[in-house]
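Below: one structure, written as structure tokens.
The values are calculated or read from the model by the stated rules, or taken from the named source; none is laboratory data. What you see is a predicted model, and the numbers here were worked out from it, not measured in a lab. We place every Cβ from the backbone using ideal geometry, glycine too, and count neighbours over all the protein chains shown. When the accessible area is computed, the model is the full protein with side chains, heavy atoms only, and any ligands, DNA or RNA have been set aside. Shrake-Rupley method; radii C 1.70, N 1.55, O 1.52, S 1.80 Å.
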Amino acid sequence: MKKILIAPFVLLVRFYQLFISPMLPSTCRYSPTCSQYTLEALKKHGLFKGGWLSIKRIASCNPWGGSGYDPVP
């Protein structure tokens, strides 16, 4: 059931990784990148908790936010 719920979101992130991200400069301050973090969070925690973790991570990826290695909890 969890895989069915997250499938559309995983496809959106993969589309971004394959077609949009290569055209943009690399600006993510974290490792793994925010898009890879989102995929891992969705697969590990499901749609709601994984989605919330992803939103928090993307919101902190700015010049005043954090940086460095930040794995999915």
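Where Lys and Arg each count +1 and Asp and Glu each count -1, what net charge lies around VAL72 among other residues with Cβ under 11 Å from its Cβ?
Details: positive: LYS43, LYS44, LYS49, ARG57; negative: GLU40, ASP70.
Charge balance in the 11 Å sphere: +2.
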### Query
Between SER31 and PHE48, what is the label-to-label distance in nm when each label sits 7 Å out along the Cα-to-Cβ direction?
3.5 nm
### Query
So how tilted is helix 34-60 from the main axis of the chain? Cα-based, degrees 0 to 90, rounded to 10.
20 degrees
### Query
What is the chain's relative contact order, in percent, from Cα pairs under 8 angstrom and six or more apart in sequence?
38 percent
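Using a simple charge model, +1 on the beta-carbon of Lys and Arg, -1 on the beta-carbon of Asp and Glu, nothing else, what dipole does the chain show about its Cα centre, in debye to the nearest 20? The partial results should precede the final answer.
Numbers: 9 positive and 2 negative charges, 52 e Å.
It works out to roughly 240 debye.
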#### Entry: Cα-projected label distance for LEU5 with LYS56, points at 7 Å along beta-carbon direction, nm
1.8 nm
### Summary
Share of accessible surface on carbon and sulfur in the chain, whole %, 1.4 Å probe and ligands ignored, is 69 percent
### Surface/4 of the Cα convex hull for the chain, nm²
4.7 nm²
### Under 5 Å, built H, 5+ apart or other chain: amide partners of TYR30
GLY68
